[in-house]
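*Asks:* Input: one structure, supplied below.
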Amino acid sequence: MSNTVKVAVTGAGGQIGYSLVFRIASGELFGPDTKVVLSLLEIPQAVKALEGLAMELQDCAFETLAGIEINSDAQAGFDGVNWAILVGAKPRGPGMERKDLISENGPIFTGQGKALQRGAADMRCVVVGNPCNTNALIAAKNAGDVPFNRFSAMTMLDENRARYQLAAKAGVDISQVRNMTIWGNHSATQYPDFFNATIGGKKATDVITDHEWLQGEFITTVQKRGAAIISARGKSSAASAANAALDHVKNFTRPTEDGNWFSAAVPSDGSYGVEEGLIFSFPLRTKEDGSYEIVQGLAHNDFAQEKLAKTQEELKQEREVVKDLL
Ligand code: NAI
């Protein structure tokens, strides 16, 4: 007998949505024995586009797709959902930093947070729409009794970008790069932690001896990759962001392989000196029982401490901007 999982995607009519929903419906995310009901959400003006999207989904004849719902009302769209993937927001345009988006996008997440109380008892939510850490905080704080640790924000795209850069520099297959952590905010202050990363089971800093590159160009390339893609493509990253959203959900729904971890922004429990309650990207492991834990005991030298402090400070500032919404 097959299970059914209901997945809501907000902003489904946008460019990430177009790369995301087909892969969810195809069975890639929850496997061939789990049926998926897709709940697609958009602003009223974009509902017509969702009708076209639904037709395309039907025309894929996915055997794992059990139903499609279309809504512009979050209360209806989140009814009974097991996973809510909150993509809908205004994307960053040329020359804009994420902080510019806070005031514009924050209010979306108060209403959606309230509506998420209608989710299933095991509902989990990942925020992709920027500024995703702070938006996740807003949604969580408006979600009543839904446990705080059901909310996360996506830094998986940053992790994937960082792993690619390290693999390319070391001239190895990307599967060799493990233990990559993105710490902090999904923004230009994030800290991609090469000190604790491994390549082929060795410390990345032993394999890549160009430490000037690691401390400089590597970090800035990962931090600014989103902006580089906008300037090259004229649009923000979409297929790679959708791919990362799938990786994020997979990471939370499957036990993490031995010796490895993954990055996602989750409510801080005070680990590594990060103020409790900030939505901060940490190294995480998903356990056999489906819960997750923050990996403990990683060392941070002065260089790393400074980066952690900077990204934490930025998150506190973002929280200050939206304090009326929390
Ligand atoms: P897009 O503009 O193509 O699509 C966004 C969609 O959201 C639009 O169709 C819009 O109508 C819809 N929308 C806006 N407000 C909504 C609401 N209240 N309810 C439901 N839908 C709503 O943008 P794109 O490229 O798909 O990006 C979406 C978001 O993802 C942006 O905020 C972008 O910055 C963010 N992003 C995050 C990444 C990450 O790593 N966390 C990576 C790449 C993008």
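*Asks:* Out of Ser72, Ser26, which single residue is of a type in the set (Ser, Thr, Tyr), within 11 Å of the ligand (Cβ to nearest atom) and over 24 Å from Ala121 (Cβ atoms)?
*Replies:* Ser72
*Asks:* List every residue pair whose Cβ atoms sit under 8 Å apart, with the two residues 6 or more apart in sequence or on different chains, where the first one lies in the range 233-259 and is within 13 Å of Met156 (Cβ to Cβ) and acidic (Asp, Glu) and the second, anywhere, is part of a helix (DSSP H, G or I) and within 8 Å of the ligand (Cβ to nearest atom).
*Replies:* Taking only residues 6 or more apart or on different chains, the pairs are Asp247/Met156.
*Asks:* Sticking with this structure for a sec: In the range 100-144, which residue that is touching a Ser or Thr at 6+ places or on another chain (Cβ under 8 Å) and away from the ligand (no atom under 12 Å from the Cβ) is nearest to Leu20 (Cα to Cα)?
*Replies:* This residue is Cys125.
*Asks:* Would you check which residues across the range 228-258 are of a type in the set (Ser, Thr, Tyr), away from the ligand (no atom under 15 Å from the Cβ) and touching a Gly at 6+ places or on another chain (Cβ under 9 Å) and list them?
*Replies:* Residues of the range 228-258 of a type in the set (Ser, Thr, Tyr): 231, 236-237, 240, 253, 256.
Subset that is away from the ligand (no atom under 15 Å from the Cβ): 253, 256.
Thr253, the sole residue that qualifies.
*Asks:* Follow-up. So which residues in the range 1-23 are within 16 Å of the ligand (Cβ to nearest atom) and of a type in the set (Val, Ile, Thr)? Explain how you work it out, then say what you get.
*Replies:* Quick first cut of the range 1-23, residues within 16 Å of the ligand (Cβ to nearest atom) only: 7-23.
Scanning the range 1-23 gives Val7, Val9, Thr10, Ile16, Val21.
*Asks:* Might you let me know whether the range 194-205 holds any residue that is free of Cβ contacts under 8 Å to residues at least 12 places away in the same chain and of a type in the set (Ser, Thr, Tyr)?
*Replies:* There is at least one residue in the range 194-205 that is free of Cβ contacts under 8 Å to residues at least 12 places away in the same chain and of a type in the set (Ser, Thr, Tyr).
*Asks:* Are there helices (runs of 4 or more DSSP H) fully within the range 214-275 with at least 1 residues that are touching a helix residue (DSSP H, G or I) at 6+ places or on another chain (Cβ under 8 Å) and farther than 29 Å from Gly27 by Cβ? List them.
*Replies:* 219-223, 225-233
*Asks:* What's the number of the only condition in (1) within 17 Å of the chain's Cα centre (by Cα); (2) more than 21 Å from Leu325 (Cα to Cα); (3) among the hydrophobic types (A, V, I, L, M, F, W, C) that Ala121 fails to meet?
*Replies:* Going through the list (1) within 17 Å of the chain's Cα centre (by Cα); (2) more than 21 Å from Leu325 (Cα to Cα); (3) among the hydrophobic types (A, V, I, L, M, F, W, C), Ala121 breaks only (1).
*Asks:* Moving on to the next point. Looking for something assigned to a helix (DSSP H, G or I) and surrounded by fewer than 22 Cβ atoms within 10 Å (Cβ to Cβ) - is there at least one such residue anywhere in the range 186-199?
*Replies:* No, there is no match, as no residue in the range 186-199 is assigned to a helix (DSSP H, G or I) and surrounded by fewer than 22 Cβ atoms within 10 Å (Cβ to Cβ).
Read-outs: derived from the displayed coordinates by stated rules, not from any lab. This structure is a prediction, so every number in the text was calculated from the model and none was measured. For neighbour counting, all protein chains shown are included, and Cβ atoms are generated from backbone atoms with ideal geometry for every residue, glycine included.
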